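Worksheet for the structure shown next.
The values are calculated or read from the model by the stated rules, or taken from the named source; none is laboratory data. As the structure is a prediction and not an experimental result, all values here were calculated from the model. Using ideal geometry, Cβ is built from the backbone for each residue, glycine included, and neighbour counts are taken over all protein chains shown. Quick note on the areas: whole protein, heavy atoms, side chains included, nothing else; ligands and nucleic acids left out. Shrake-Rupley method; radii C 1.70, N 1.55, O 1.52, S 1.80 Å.
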Amino acid sequence: MPVPAETRPITQPSWDLGGIVAELASLRALSQRRRYRGRPLPELPSREAVEAIVGSLVAVLYPRHFGPVGLAEDAIDLFVADTLDHALRRLRREVLRELRFGNVDGAANPSQLEQQALAIVAEFASELPRVRALLDSDIRAAFDGDPAAKSLDEVVFCYPGVAAMIRHRIAHRLYSQNVTMLARIIAEIAHAQTGIDIHPGATIGESFFIDHGTGVVIGETARIGRRVRLYQAVTLGAKRFETDDQGQIVKGGDRHPIIEDDVVIYAGATVLGRITIGRGSSIGGGVWLTRSVPADSIITQAKARTGDTFDDGAGI
């Protein structure tokens, strides 16, 4: 007769918990010695806190869409004020953590770091109306550019390109203020949620539309003009990485494309290096482009295969 599950003897776990913990501690200590070279361990920003802050900021920017269900019109400003104040206070704590993390030489004292964090967050807050205005232009571009869009509200709720841009424009403001770790965390949250990977350093003009969006990659030093449209799986990447005498990658440097106004880049196109795609150009699906093209160019795979030239002998 089977023994009821609740009366069976409990088998002791067979894993060596103490040994595993000790090995992990040893590896952690080795990694920390290499990174911090004997300095006290810094307090790191909280990804969980950053995600909550971004959620609050999105609700502040679009309270009717992402605020509480049934939020009355006469209560919107109160909700925005309360939510924004709470979010900015939390953001100040996370900015301060990043500043402390970066203060490796101890050049700034605690009071200076606190004042710097306050100034950064105050400036960030003052830019939120401009962020909203830019996002409104992105939403309008998505609605105007997609025959499947039935309303602006549908675009706000449902379009991954818009979701990615809301978070990018928040992250870019922080990145521009040298709060780069928090900005990268926000970018990676957006990437996980939408499948769209935009480095927070990328500069993107108004009325930007990413249609479908899955697999889009935009690098740190990319510069994108106004009224640009990208489709899924487009890459604006680097062609190569410079190295120093020891073979180490040189950080920084302009290595991603410049996309001028009114350019359309279709699905699967790859644009690499510090090249310029001239205003009004159309880059066809699947094109691999590593040289600049002038304004009003129409680039297709056929032209790329035959090595056609576009200006001053520059080709694909």
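Can you tell me which residues in the stretch 170-179 are touching an Asp or Glu at 6+ places or on another chain (Cβ under 8 Å) and open to solvent by 10 Å² or more (accessible area, probe 1.4 Å)? Please lay out each step first, then the result.
Initially, the stretch 170-179 is screened for residues touching an Asp or Glu at 6+ places or on another chain (Cβ under 8 Å), giving 173, 177, 179.
Within the stretch 170-179, 173, 177 meet the criteria.
Being at pLDDT 95 or above, open to solvent by less than 30 Å² (accessible area, probe 1.4 Å) and not hydroxyl-bearing (Ser, Thr, Tyr): is that true of residue 267 here? Steps first, please.
Numbers: at pLDDT 95 or above: yes; open to solvent by less than 30 Å² (accessible area, probe 1.4 Å): no; not hydroxyl-bearing (Ser, Thr, Tyr): yes.
When the stated conditions are applied, residue 267 does not pass them.
Being surrounded by fewer than 16 Cβ atoms within 10 Å (Cβ to Cβ), touching a Gly at 6+ places or on another chain (Cβ under 7 Å) and basic (Lys, Arg) is the requirement here; does residue 239 meet it?
Values: surrounded by fewer than 16 Cβ atoms within 10 Å (Cβ to Cβ): yes; touching a Gly at 6+ places or on another chain (Cβ under 7 Å): yes; basic (Lys, Arg): yes.
Against the criterion (surrounded by fewer than 16 Cβ atoms within 10 Å (Cβ to Cβ), touching a Gly at 6+ places or on another chain (Cβ under 7 Å) and basic (Lys, Arg)), residue 239 qualifies.
Could you list, in sequence order, all residues of the stretch 100-132 that are open to solvent by less than 80 Å² (accessible area, probe 1.4 Å), in contact (Cβ under 8 Å) with a residue 40 or more places away in the chain and part of a helix (DSSP H, G or I)?
Listed by number, the residues that qualify are 101, 120, 124, 125, 128, 131.
Quick check: anything in the stretch 146-157 in contact with a strand residue (DSSP E or B) (Cβ under 9 Å, 6 or more places away or on another chain) and either open to solvent by less than 30 Å² (accessible area, probe 1.4 Å) or in contact (Cβ under 8 Å) with a residue 12 or more places away in the chain (or both)? Step through it out loud before you land on a result.
So in the stretch 146-157, the residues in contact with a strand residue (DSSP E or B) (Cβ under 9 Å, 6 or more places away or on another chain) come out as 146.
Now drop any that are not either open to solvent by less than 30 Å² (accessible area, probe 1.4 Å) or in contact (Cβ under 8 Å) with a residue 12 or more places away in the chain (or both), which leaves 146.
Checking the stretch 146-157: at least one residue is in contact with a strand residue (DSSP E or B) (Cβ under 9 Å, 6 or more places away or on another chain) and either open to solvent by less than 30 Å² (accessible area, probe 1.4 Å) or in contact (Cβ under 8 Å) with a residue 12 or more places away in the chain (or both).
Looking at the stretch 241-267, I want the residues that are within 30 Å of residue 206 (Cβ to Cβ) and have a partner that is open to solvent by less than 70 Å² (accessible area, probe 1.4 Å) and aromatic (Phe, Trp, Tyr) with Cβ atoms under 6 Å, at least 6 apart or on another chain. Which pairs are those?
Within 6 Å, the pairs are 266/231; 267/231.
Would you mind finding the one in 292, 297 that is open to solvent by 20 Å² or more (accessible area, probe 1.4 Å), at pLDDT 95 or above, in contact with a strand residue (DSSP E or B) (Cβ under 8 Å, 6 or more places away or on another chain) and among the small types (Gly, Ala, Ser)? Before the answer, list the steps.
Values: 297 fails: open to solvent by 20 Å² or more (accessible area, probe 1.4 Å).
Selected residue: 292, the only one of 292, 297 that is open to solvent by 20 Å² or more (accessible area, probe 1.4 Å), at pLDDT 95 or above, in contact with a strand residue (DSSP E or B) (Cβ under 8 Å, 6 or more places away or on another chain) and among the small types (Gly, Ala, Ser).
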